[in-house]
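S.K.: The structure is given below, and queries will be raised subsequently.
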Ligand SMILES: Nc1ncnc2c1ncn2[C@@H]1O[C@H](COP(=O)(O)OP(=O)(O)OP(=O)(O)O)[C@@H](O)[C@H]1O
Ligand code: SF4
Ligand SMILES: [Mg+2]
């Protein structure tokens, strides 16, 4: 059951110090992960998802540093802990599953020893017990023949099995929060489905909270309870997954949804025009404004704060500013069919491919409900997926 906040991140800012000064890769980010829920963190490449994850674990390396914010986990601000205290949190209370299993596992140690080491370091098993526990954990993540696989080196395992080993390591100490950073990106689609199923099962069995980082909205639709959408280091929209898929409130979220392969025959794939801005050269005002089909006068004045949008969403977008007479009605228009102020005051676009605002993303003529009205089934992935995942190894 979903409960109280387990982790509350408040105005987290992580910068990289460069010759031109500090550049914010995570900029004033606030969100919470509640007990027992899966929060999906989604955004394009470079939007700051992994730096957010590393910040939560306090693993950001120079020239990066956490410049501001609070990260309250179980009533303690992780930023005030000593490194020694933080080591007790890492792995034992918060575990991180990395994007790339081959780099996350040490190639020169047997996988059983690597799982065992996690248990020993956190005092969860003696050396004598560690091997038996590692075998149990490999069995729990559905690795066949765990008694023999426990002695394998990472290169002897398939990509999917390596990801299972990483999940076993993450779950070894029964943490309350697992951060999974693109846990399926490196895998083919059938294995992706199996790993997502495994994560869901483990989460339910162990009553975990999960922060699931991905660029794949299909994964979010299937797995998450709530979603936070990230763009250029900021969280631009939050809300329950169902609401966000049904009625995305931020033009960037609409763009992401619109760029998902739809699966309807003949349906044109739409892409978000332009590209993610460089963090050290953000446009004035809303960082999305050079790509935004709904841009209007206030958008270049200052970065928008969070505005409530609908019953349970927030959006960093002036479309939802009640002070603006252009504020949209409760049921938002179809993507890009903004009934807002004329866009005559557009600034010069900053992207290489500017915006003739005949956006492929968001046609300006009214159109029927967006095809993303419901969470997209996993069958909408680029590579075809069968409705029923391939036979499991259970
Ligand atoms: N070591 C570093 N030095 C300087 N800047 C960095 C470093 N690591 C990350 N950044 C900056 O932080 C930004 C966010 O990076 P991050 O890895 O968090 O993106 P991401 O959303 O996880 O992308 P992806 O989907 O590709 O994994 C990058 O655009 C980059 O500019
Ligand atoms: S604030 Fe303006 S530019 Fe930014 S997303 Fe909203 S409408 Fe678009
Ligand atoms: Mg990343």
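The values are calculated or read from the model by the stated rules, or taken from the named source; none is laboratory data. On a predicted model such as this, the values are computed, not experimentally measured, just so you know. Cβ atoms come from the backbone with ideal geometry, glycine included; neighbour counts cover every protein chain shown.
S.K.: Considering only helices (runs of 4 or more DSSP H) fully contained in the stretch 19-104, which possess at least 2 residues that are buried (at least 20 other Cβ atoms within 10 Å of the Cβ) and in contact with a strand residue (DSSP E or B) (Cβ under 6 Å, 6 or more places away or on another chain)?
M.R.: Passing ranges, in order: 49-56.
S.K.: Cβ-Cβ under 6 Å, sequence separation 6+ or interchain: first residue in the stretch 76-90 and farther than 18 Å from residue 12 by Cα, partner surrounded by 11 or more Cβ atoms within 10 Å (Cβ to Cβ). Which pairs?
M.R.: From residues that are farther than 18 Å from residue 12 by Cα, the pairs are 90/57.
S.K.: While we're looking at this one, here's another question. Tell me the residue from 192, 267 that is modelled with pLDDT under 90, under 26 Å from residue 56 (Cα atoms) and more than 14 Å from the chain's Cα centre (by Cα), please.
M.R.: One residue alone meets the criteria, 192.
Conditions tested, residue by residue: (1) free of Cβ contacts under 8 Å to residues at least 40 places away in the same chain; (2) touching a helix residue (DSSP H, G or I) at 6+ places or on another chain (Cβ under 9 Å); (3) within 20 Å of residue 52 (Cα to Cα); (4) more than 16 Å from ligand 1 (Cβ to nearest atom).
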site	(1), (2), (3), (4)
229	no, yes, yes, no
250	no, yes, no, yes
261	no, yes, no, yes
275	no, yes, no, no
283	no, yes, no, no
305	yes, no, yes, yes
311	no, yes, no, yes
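S.K.: Which of the numbered conditions does residue 114 fail, given that it passes all the others? Conditions: (1) under 22 Å from the mean Cα position of the chain (by Cα); (2) touching a residue at least 12 places away in the same chain (Cβ under 8 Å).
M.R.: Only one criterion in (1) under 22 Å from the mean Cα position of the chain (by Cα); (2) touching a residue at least 12 places away in the same chain (Cβ under 8 Å) is unmet by residue 114, namely (1).
S.K.: Within the group 255, 239, which residue is modelled with pLDDT under 95, crowded, with 22+ Cβ neighbours inside 10 Å, away from ligand 3 (no atom under 16 Å from the Cβ) and not in a loop (DSSP other than H, G, I, E, B)?
M.R.: Residue meeting the stated conditions: 255.
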